[in-house]
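Reviewing the structure listed below.
Just so you know, all these numbers are worked out from the coordinates, no wet-lab data involved. Note that the structure is a prediction, hence the values are computed from the model and not measured. Note that we place each Cβ from the backbone using ideal geometry, even for glycine, and neighbour counts take in every protein chain shown.
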Amino acid sequence: MSKVDRRIIKSQEAIKKAFIELMTEKNIDQITIQEISDRANVSRRTIYLHYMDKFDLLDKLIEEHIYKLRELCEVAANNTDYIDAVLLWFEYFESHYLFFSTMLTSKGGPIFRSRFLEFVLQELKNEENITEGSSQGLSDGEEVRIQFLGAAIVGVVEWWFNQEKPCPPHYMAQRVGALLEKNL
């Protein structure tokens, strides 16, 4: 396994952080590569070494976080307690507050929200297939239930960020986990 130079990792992290900070201040269409470069204290060339443009940067940021959430689902897959599984998510959301609050409270929201919903729906479908033990597609009624639960989960997460985390992660995990246990 080759080791990535720490300077590269440090530059990429600075670029990502600068981009997210700028997204809290303005619409993505108004952000320039020069502004990201200035905020991250790297050259424009460094940004272009890692990303094609700001949309590629946004896409890679979203993919990175969806991948981490998917890993958390895999860790929780052996655990039948939804509360513990949901707690992993809310702790992750809290530890990456700037990214998720920016993505879910408006700026960049539609792009992330649709990808997040797609991810949640897929995880619910995976859970449904495991729970039901079937390898066939879902019935129309099951599909409606999955769509409802997916939209509800994304809506609750959006609400949590829009309200600036009014409840701690463990409380959110208890409430959302209990709802999942009743409905899955």
(request) Using the structure shown, select from LYS68/LYS182; LYS26/LYS60; LYS3/LYS125; LYS54/LYS125; LYS16/LYS165; LYS3/LYS165 the pairs with a Cα to Cα distance greater than 30 angstrom. (result) LYS3/LYS125; LYS54/LYS125; LYS3/LYS165
(message) Quick check on the range 1-51: what are the equivalent-ellipsoid semi-axes from the Cα gyration tensor, as sqrt(5λ), descending, whole Å?
(response) 22, 11, 9
(message) Quick check: the distance between the Cα centres of the range 149-176 and the range 59-100, to the nearest angstrom?
(response) 13
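Determine, for CYS73, CYS167, the number of other Cβ atoms within 10 Å of each Cβ, and report the residues in order from fewest to most.
CYS167, CYS73
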(message) Give me LYS10, LYS165 sorted ascending by neighbouring Cβ count inside 10 Å, so fewest comes first.
(response) LYS10, LYS165
(request) Pop the C-beta distance of ALA152 and ARG7 into the FRET formula with R0 = 35 Å and round what comes out to the nearest 0.05. (result) 0.20
(message) Nearest 10 degrees is fine. How inclined is helix 54-76 to the longest principal axis of the chain, computing both from alpha carbons?
(response) 40
(request) Match the structure shown to one of the listed values (i) 80, 36, 25; (ii) 53, 41, 30; (iii) 41, 40, 30 of Cα extents along the principal axes in Å, computed from it, and give that label. (result) (ii)
